[in-house]
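**Q** Got a structure here, written out as structure tokens. Questions coming.
The values are calculated or read from the model by the stated rules, or taken from the named source; none is laboratory data. In this text, all values refer to a predicted model and were calculated from it rather than measured experimentally. Cβ placement follows ideal geometry from the backbone for every residue including glycine, while neighbour counts extend to all protein chains displayed. Each accessible area value is taken on the protein alone, full model and side chains, heavy atoms only, with ligands, DNA and RNA left out. Shrake-Rupley method; radii C 1.70, N 1.55, O 1.52, S 1.80 Å.
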Amino acid sequence: MNSALLGALAAKSSSTRLKAALAAGTHPEPGFVDALVARCAVEPDFFVRDMLTWALTRLPPQVTVPKLLAELRCERAQARSQALHSLSKIGDRSAWPAITRSLLRDVDDEVARAAWRAAVVLVPEGEREALAAELGAQLGRGDREVRLSLCRALAALGDVVEPVLRTALTHHDPEVRAHASATERLLRDPDAGIDLPVFAVDQDRQDGSRADR
């Protein structure tokens, strides 16, 4: 990889890093992949991370996907979440077996959210019902943004989520029922938006009761 570009990816200025990521995607070379993937794991700026992912999508999947799959085993949460995000954008379904239950239930919310988004893109037709059940088991998890992400992931699966939502609507936990109800409304009318008040959760209760779900 060009040494000047490599240095620019780690520059102090975020605008310099953004330009370097743009250059890497504009003139893609397989030799860029290691540096791009490594930078995704530590890059603090959202816009730069998004440009790094775009640069990775410009490279052949046979080059990028194995590197990204290796990142899913990294201890650093950002490495896992960004690799999942990049895999969802690349859309190579050969990556599906790597979207494990442990990633879908990762203790880090950002990793779990990225896993949900990747899963609905990569899931084979015959696995959609099982994925719906796995995601449905997490209804009621997290704060407003986490719940919105789960709503959207479930709704993206389409009609296969309906049995899961019907069951969740009878759950003993009112927050699970509210989350399922919001997801059901989104499934029926994707343009209607989500009733945000149902996401006003009691944080203390959430912290004490969600870990075993």
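**Q** Given the conditions (1) modelled with pLDDT of 95 or more; (2) closer than 26 Å to Pro124 by Cα, which single one is not true for Arg188?
**A** Here Arg188 meets the rest and fails (1).
**Q** Kindly list the number of the only condition in (1) hydrophobic (A, V, I, L, M, F, W, C); (2) within 29 Å of Ala132 (Cβ to Cβ); (3) open to solvent by 10 Å² or more (accessible area, probe 1.4 Å) that fails for Ala112.
**A** (3)
**Q** Against the conditions (1) small (Gly, Ala, Ser); (2) surrounded by 19 or more Cβ atoms within 10 Å (Cβ to Cβ); (3) closer than 25 Å to Arg93 by Cβ, where does Gly126 fall short? Just the number, please.
**A** So Gly126 meets the others, but not (2).
**Q** Moving to a separate point now. Just one of the numbered conditions (1) buried (at least 21 other Cβ atoms within 10 Å of the Cβ); (2) of a type in the set (A, V, I, L, M); (3) touching a residue at least 40 places away in the same chain (Cβ under 8 Å) is not true of Ala137; which one?
**A** Evaluating Ala137 over (1) buried (at least 21 other Cβ atoms within 10 Å of the Cβ); (2) of a type in the set (A, V, I, L, M); (3) touching a residue at least 40 places away in the same chain (Cβ under 8 Å) leaves (1) as the failure.
**Q** Can we say Leu131 is surrounded by 16 or more Cβ atoms within 10 Å (Cβ to Cβ) and modelled with pLDDT under 95?
**A** no
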